[in-house]
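Report on the structure given below.
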Amino acid sequence: MNSHLRAIVTCLFAAAASLGCSSGALPEVASDETGSPESVVTVEQAVGKDCVNQCMLGCVCTPEDGKPPACRRLCLADCTEACSTCTPNCTGKACGASDGCGGLCSAGSCRLGTTCGGGGVPNQCGCTASCAGKACGASDGCGGTCTSGSCPGGAVCGGGGTPGVCPLPSLPNLNGVVTGTLLASPFITKQVRFDILVRNMGPATANNVELLFQTNSPAAMSTLITSNGFVCHSLAGYSPRLGLACTGGNIGSFNTASIQLTLAMSTPGFNVLSMIADPYNAIVEINESDNLSNGGVTLP
């Protein structure tokens, strides 16, 4: 070995502990009878490819040295020894960043909603979706939608043909309309007719429906006409106002029941008849909050 090459080798061994020799460009890899690029990669992988590559950037092997491949092998041996004692460091680094010794950081910052390795891939930001105990259509925690889970009325998630969406429950939905009409009368006591429509806007029949009627002013019942099997009776505790319960009615899906009620009323001003369908929530409905209806007539 000539004196120039010996000086370079001495530099390489002296600087190995600090992961580099003199500054310079990474030489072109060339093979000879004792080495090949494939063997270099194998050694680098064994001790940390990133670390060895960084170290090798400091090696200078010029054609004047006679045998650049031999020089490179000496650099590689030097860097391999230095990198074998490399201490990984992930402080302040993101998940998956280089640890400085050929490995990847298994912890570190990730975007909101993900964690390092959370998707099941080590050293990579990800998210593990979870729908345990959640309702159909709820968030899976990773930006997706749960395609399984509970639905109202026991419906099957996606049963309507759209994944992650509960189909329309097979339940009734009661609401009503009350309309008041003042009938012609020359007397102080007036006859007021109330026409009541009880609608079932749900896809299932409402069975054994109960209706509760009451007025805000004194009233006496004159006539009553019912349909759909309703049977009505007066309620105690309302007099002199009207209190009336109609029970046992059945209203088919997307169908209507009608009741006509004529009252004798004499209080000047706005006289109101209120109706509550299913007042005690005995029937499971799509919407339990729209069962109150009011109608009124102004008496002179």
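The values are calculated or read from the model by the stated rules, or taken from the named source; none is laboratory data. Remember, predicted model here, so these are calculated numbers, not experimental data. Heads up, the Cβs are rebuilt from the backbone with ideal geometry, glycines too, and the neighbour counts pull from every protein chain shown.
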**Message:** So, in region 205-252, exactly how many residues are within 17 Å of GLU288 (Cα to Cα) and either in contact with a Pro (Cβ under 9 Å, 6 or more places away or on another chain) or surrounded by 17 or more Cβ atoms within 10 Å (Cβ to Cβ) (or both)?
**Reply:** 8
**Message:** Need the failing condition index for GLY160 against (1) under 30 Å from ASP99 (Cβ atoms); (2) without any contact (Cβ under 8 Å) to a residue 24 or more places away in the chain; (3) surrounded by 13 or more Cβ atoms within 10 Å (Cβ to Cβ), just the number.
**Reply:** (1)
**Request:** Working carefully through the options THR162, THR128, THR181, find the one that is among the polar types (S, T, N, Q) and in a strand (DSSP E or B).
**Result:** THR181
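Determine, yes or no, whether VAL121 is under 30 Å from ALA277 (Cα atoms) and either not assigned by TED's automatic domain parsing to the domain that holds LEU211 or not in a loop (DSSP other than H, G, I, E, B) (or both). Even if it seems obvious, please write down each step before you answer.
Working: under 30 Å from ALA277 (Cα atoms): no; either not assigned by TED's automatic domain parsing to the domain that holds LEU211 or not in a loop (DSSP other than H, G, I, E, B) (or both): yes.
Judged against the criteria, VAL121 is not a match.
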**Test result for GLY202, farther than 16 Å from LEU273 by Cα, surrounded by 15 or more Cβ atoms within 10 Å (Cβ to Cβ) and without any contact (Cβ under 8 Å) to a residue 60 or more places away in the chain** = no
**Asked** Which of the residues spanning region 176-209 are aliphatic (A, V, I, L, M), modelled with pLDDT of 95 or more and under 51 Å from the mean Cα position of the chain (by Cα)?
**Response** VAL177, VAL178, ILE196, LEU197, VAL198, ALA206, VAL209
